[in-house]
1. Along the range A:88-96, what does the Karplus equation 6.51 cos²θ - 1.76 cosθ + 1.60 (θ = phi - 60°) give for ³J(HN,Hα), rounded to whole Hz, x for Gly and Pro?
2. For chain B, what does the helix formula give at 222 nm: sum of -39500 (n - 2.57) over DSSP H segments with n ≥ 4, over the residue count, nearest 500 deg cm²/dmol?
3. In debye, nearest 20: dipole of the range A:30-140 around its Cα centre with unit charges on the Cβ of K, R (+) and D, E (-)?
4. What does the accessible area of B:Ile31 come to, in Å² to the nearest 10, when a probe of 1.4 Å is used?
5. Given H placed 1.01 Å from N in the peptide plane, which residues other than close sequence neighbours of A:Thr189 have an amide H under 5 Å from its amide H?
6. Using the Karplus curve 6.51 cos²θ - 1.76 cosθ + 1.60 with θ = phi - 60°, work out ³J(HN,Hα) for each residue of the range A:162-169 in order, rounded to whole Hz, and write x for Gly and Pro.
7. In Å and from the alpha-carbon atoms only, list the Rg and Dmax of chain B.
8. Dividing the Cα convex hull volume of the protein assembly as shown by residue count, how many Å³ per residue is that?
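The values are calculated or read from the model by the stated rules, or taken from the named source; none is laboratory data. Keep in mind the model is a prediction, meaning the values are calculated, not measured. A quick note on method: Cβ atoms are made from the backbone with ideal geometry, for glycine too, and the neighbour counts reach across all protein chains shown. To get the accessible areas, we keep the full protein, side chains included, count just its heavy atoms, and leave off ligands, DNA and RNA. Shrake-Rupley method; radii C 1.70, N 1.55, O 1.52, S 1.80 Å.
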Amino acid sequence: MSIAIRNISKHFGAFHALDDVSIDIPSGELVALLGPSGCGKTTLLRIIAGLEFADSGRILLEGDDASERHVRERNVGFVFQHYALFRHMTVFENVAFGLRVKPRKYRPNENEIRKRVSRLLELVQLGWLADRYPSQLSGGQRQRIALARALAVEPKVLLLDEPFGALDAKVRKELRRWLRQLHDEIHVTSVFVTHDQEEALEVSDSIVVMNKGRVEQIGSPDQVYDHPATPFVASFLGSVNLFHGRVEDGHLHVGEHALAVGAGHVATDQAVGFVRPHEFDLLPANAPGTGLPGKILRIIAIGPLAQVELARPNGELLEVAILRDTLSVLGLREGDEVSLRPRNIRVFQNNERLAA
Amino acid sequence: MSATIALQHGSLERYETPSTREPQWIKVLLIGIALTFFTVFLLFPLVAVFVEAFRKGWGTYLAALSSHDALAAIRLTLLTAAIAVPLNLFFGISAAWAIAKFEFPGKRLLITLIDLPFSVSPVISGLIYVLLFGAQGWFGEWFAAHDIKILFAVPGIVLATIFVTFPFVARELIPLMEAQGSEEEEAAVVLGASGWQVFWHTTLPNIKWGLLYGVILCNARAMGEFGAVSVVSGHIRGMTNTMPLHVEILYNEYNYAAAFAVASLLALLAIVTLGLKTLVERQSHKQKTESLALENAS
């Protein structure tokens, strides 16, 4: 079922939680709402579910206006951040709950309930835990039970609030992959909220980046990562190095150094160039060609990539990631002076991307 | 009330650590003082009640309890509790629900007002009803004109008892429901549960031990209330005397054996209440540890 979010605004007292948010989510997609805490992403999720109501704007489910519809009638599944499992019920009863509270007319009989719950528990690979209580489960198991419980009522939309937030790093990675596989299997339109960019990039079909109650950018993971629409998106998704300067004749002038950014750029005095750590080449300081001077402060060489921390002559710190092999071929060490050559610079002026 | 529970539950097991351990003689002294106090002021009077009650033997004891007036007093006490406790159960849950789940103007005031019956003397609680329903009271004339008797009759006693015992259930539930939040309820609603189903399947199971605890205390107070009831009852033998009032009348008539016999029933009620209370506390403690484990493990 497709979801259309139209001009949603929401205040909590003087706090502007959501400001004219519009998003289209096609049927069957897995979408991440990504942003720092307080950006309004959870509020938006709760408004889609009907747990919260917007001050203005509409929510369309499958093209029908559902803004006034009660949670019960929206046919959504919701997985809470802290799972909200019913602590006095067994795992089986937790999953069966949605079926048991159906009006008598629609309620499946006991046999059918038994069958459907077992099938769901198989789906989340926890059939052997049916008789346990939530307090006897690990965090990852609870998460999967919460998911099974939400799926029991065959929702048309699945909403997940920070689904992996409360788990440790290893379990989180496992569950992430598992959620993606599950989604490919059942194909229910899903929206999940996260503040973890890695999670959003890895799991979702498309990402909605939010900040201060507004949508900054909507796009596929590689779109938002490689072509950020705003400085916020550029700096929120992965680390980034900033260069303040002016644009003239297709060059970004940083101090007395000029970096080529392409001829299409409009001239301006207040430009900021964004370069990701892996988009630099490091060369010895006396190498031919133009680059920015820097001094290596620290090299952290773990795994295939080496993290290099550098300082520019004005004291600004830079972060560069290069292959360890390249680093050893160049023979660079801590304390060496180098020349930094950005391969790719995204230039912004006042929150707007300068066209390339 | 909840503070006492926290104290009893939280600290008993792990209080003595090497760094806070006191010399042996202080330990002996403190335990000695506590035990002496307990014996002299609590245990001794309790024993005395039963000794006095049985001083003249079983025959007198049973005769005192089965006299017409005593039976009437017992019946009235049971009736009063049977009306006041369920009503306060209902009011208590409603008030706690409203306070824990909703934001509304005057919420703080309501919380303060719930404590009012605890903070005024029971005699004043009784006087309030005399003021309202007495012959010279605000509504006295209207009720007299319609031939409805409230004061010096059963309705007055029930009203005064409800007033005095109102806080028990609400006070017990408010902190409990506030602490539990409403995530489970939200989960139930999303899964399609109706308001009643949400209450029955998620709210009630989570508060049942606290609720039972409140009901037990409420019941004990309803049966034992003296001051407020004394003001509104009129002390008509066999008609408007509850057990505590009956004890007083017998005592004033120097009928000690009978007075203590009825008193022993009230004392028995207290002991049963304490027993139940301990049981319930153990259960709710178990539930609390489980839900703590639930939060910590994740």
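1. Once θ is set to phi - 60°, the couplings for the range A:88-96 become 8, 10, 5, 3, 4, 5, 4, 5, 6 Hz.
2. Working: 17 runs with 225 residues, N = 298.
Rounded to the nearest 500, it is -24000 deg cm²/dmol.
3. Details: 17 positive and 12 negative charges, 83 e Å.
Dipole of the range A:30-140, to the nearest 20 debye: 400 debye.
4. We get 90 Å² for B:Ile31.
5. Amide H to amide H, under 5 Å and 5 or more residues apart or across chains, A:Thr189 pairs with A:Gly28, A:Leu158.
6. Residue by residue, the range A:162-169 yields 6, x, 10, x, 9, 10, 7, 3 Hz.
7. Considering chain B through its Cα atoms, Rg and Dmax are 23.0, 73 Å.
8. Looking at the protein assembly as shown, the number lands at 266 Å³ per residue.
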